[in-house]
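Student: Submitted below is the structure of interest, expressed as structure tokens.
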Amino acid sequence: MTATERNNLGIYDDVADQWWSDEIRWVRTLKNLVPGRLSWFDRHVDWAGKDMLDLGCAGGFMAEAIDSKGAQVTGIDPASDAIAAARRHAEAEGKAIRYDVGVGEDLPYGNGSFDVVVCVDVLEHVQDLELVLEEITRVLRPGGVFLFDTINRNPLARLATITMAEDVLRLLPKGTHDPAMFIKPSELRAGVVKAGLEPGPVTGLGPRGINRRGDLTFGQLPLTAVLYMGVATKPAT
């Protein structure tokens with residue numbers, strides 16, 4: 001597989017019509033990651049009444065989960081078919097979620113539009129990480145919170161996410177990730193600081209069990225060598 005076949009973001013549009021069907025294993029894996037992420041994110045945000053941006057929302061798993069916690073949710077993603085699927089599902093569920101097509105490097109929102117920006121399974125895919133972090137900082141209100149997860153860059157992370165998750169277990173389609181785009185925690189911390197945010201705690205994320213369908217379930221782990229979650233805040237003044 002060549003480098004140009006890596007970081008294939010077309011997979012999200014390819015399965016958009018089946019996003020909420022639970023028929024595709026790797027899509028179920030993404031859905032199963034949401035509770036594990038939220039169990040840690042909930043410690044850092046009281047969602048009720050908050051204006052929240054789900055940056056890289058795909059078909060809306062995280063957006064709908066946070067909407068259920070009382071936030072006013074906006075989701076954005078470059079995958080237009082996935083966004084269409086997210087809109088249809090939200091409408092069917094009676095959820096007033098706004099969904100837009102767009103990229104993190106050029107967010108179509110005014111300065112200080114959101115109390116919280118959530119960005120999961122995204123930062124390791126973007127074309128310009130520095131610009132995305134600048135845009136996140138811009139659209140956050142003073143005192144706002146940035147919550148994220150991404151993939152560490154090291155041999156173990158490559159083994160777990162490329163060799164095992166993509167090539168062997170097929171938890172993700174082959175070519176989903178480019179290991180050269182993975183981000184070390186120290187690099188992301190430096191980028192967050194440069195963008196004007198104050199970095200906070202970081203923790204690991206990974207498999208914690210198996211459900212009745214034989215799919216992995218996920219939660220917080222002490223090990224940050226593969227997947228890690230973090231929080232940063234915009235200074236209040």
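Student: Take every Cα pair under 8 Å in the range 3-233 that's 6+ residues apart, average their separations, divide by the length, and report that relative contact order as a whole percent.
Tutor: Reported as a whole number, the value is 22 percent.
Student: For the chain, what is the number of Lys pairs with C-alpha distance below 21 angstrom, counting only pairs 8 or more positions apart or on separate chains?
Tutor: Going through the chain pair by pair, I get 9.
Student: Here's something else I'd like to know. Taking the Cα-to-Cβ direction at R98 and at D178 and moving 7 Å from each Cα, how far apart do the two end points lie in nm?
Tutor: 3.2 nm
Student: Given the Cα-Cα distance of Y109 and N154 and 0.36 nm per residue of separation, how much length would full extension add, in nm?
Tutor: Using 0.36 nm per residue and subtracting the Cα-Cα distance, I get 12.7 nm.
Student: Which value at 222 nm does the chain reach when only helices count, each DSSP H run of 4 or more adding -39,500 (n - 2.57), with the total divided by all residues and rounded to the nearest 500 deg cm²/dmol?
Tutor: Rounded to the nearest 500, the figure is -8500 deg cm²/dmol.
Student: Using a simple spin-label model with points 7 Å from Cα along the Cα→Cβ vector, what separation in nm is obtained for R25 and A225?
Tutor: Computed distance between label sites R25 and A225 equals 2.5 nm.
Student: Separate question: Taking only Cα atoms and a 10 Å spring cutoff, compute GNM fluctuations for the chain and point out the largest among A92, A190, A71.
Tutor: Sorting by GNM fluctuation, first place goes to A92.
Student: Another question, then. Name the residues of the range 130-172 whose amide N is less than 15 Å from a point 7 angstrom out from the Cα of E5 along the C-beta direction?
Tutor: Within reach of a label on E5, which here means backbone N under 15 Å from a point 7 Å along Cα→Cβ, the range 130-172 contributes 163, 166-168.
Student: Additional query: Please list, by residue number, everything in the range 24-52 whose backbone N is under 20 Å from a paramagnetic label point 7 Å out along Cα→Cβ of I210.
Tutor: Inside the label zone: 24-34, 36.
Student: For the range 4-46, what is the convex hull (Cα atoms) projected area averaged across all directions, in square nanometres?
Tutor: That works out to 4.5 nm², a quarter of the Cα hull's surface.
Student: Packing-wise, with mean Cβ within 10 Å as the measure, how do 133-146, 73-86, 216-229 rank, highest first?
Tutor: Output ranking for 133-146, 73-86, 216-229: 73-86, 133-146, 216-229.
Student: So if I average 1/r over every pair of distinct C-alpha atoms in the range 177-237 and take the inverse, what Kirkwood radius in Å does that give?
Tutor: 13.5 Å
Student: For the chain, set up a GNM with springs between Cα atoms under 10 Å and report which of L53, L123, L131 has the largest fluctuation.
Tutor: Among L53, L123, L131, the largest GNM mean-square fluctuation belongs to L131.
Student: Along Cα→Cβ, 7 Å out, is where each label goes; now give me the distance between the ones at D17 and K69 in nm to one decimal.
Tutor: Each label point is offset 7 Å from its Cα along the Cβ direction, giving 3.4 nm.
Student: If N is the number of residues in the range 133-180, what value comes out of its Cα radius of gyration divided by 2.2 N^0.38 Å?
Tutor: Ratio of Rg to 2.2 N^0.38 Å for the range 133-180: 1.60.
Student: Please work out the C-alpha center-to-center distance from the range 178-237 to the range 12-32 and express it in whole Å.
Tutor: Cα centres, the range 178-237 to the range 12-32: 22 Å.
Student: Give me D for the chain in µm² s⁻¹, whole number, from Stokes-Einstein with Rh from the Kirkwood sum over alpha-carbon pairs, 4 °C and 1.567 mPa s.
Tutor: Values: Rh = 17.8 Å.
Estimated diffusion coefficient is 73 µm²/s.
Student: Another question, if that's okay. Based on the Kirkwood radius over alpha-carbon pairs, what value in µm²/s does the Stokes-Einstein equation return for the translational diffusion coefficient of the range 11-82 at 25 °C and 0.890 mPa s? Intermediate values should be presented prior to the final figure.
Tutor: Working: Rh = 12.8 Å.
D, rounded to a whole number, is 192 µm²/s.
Student: Using a 10 angstrom cutoff on alpha carbons, build the Gaussian network for the chain and name the most mobile of G110, G191, G102.
Tutor: Highest fluctuation among the options: G110.
Taken together, the values in this text are just the output of simple stated rules run on the coordinates, not laboratory data. Keep in mind that this is a model prediction, so the values were computed, not measured. Positions of Cβ are backbone-derived with ideal geometry, glycine not excepted, and every protein chain shown enters the neighbour counts.
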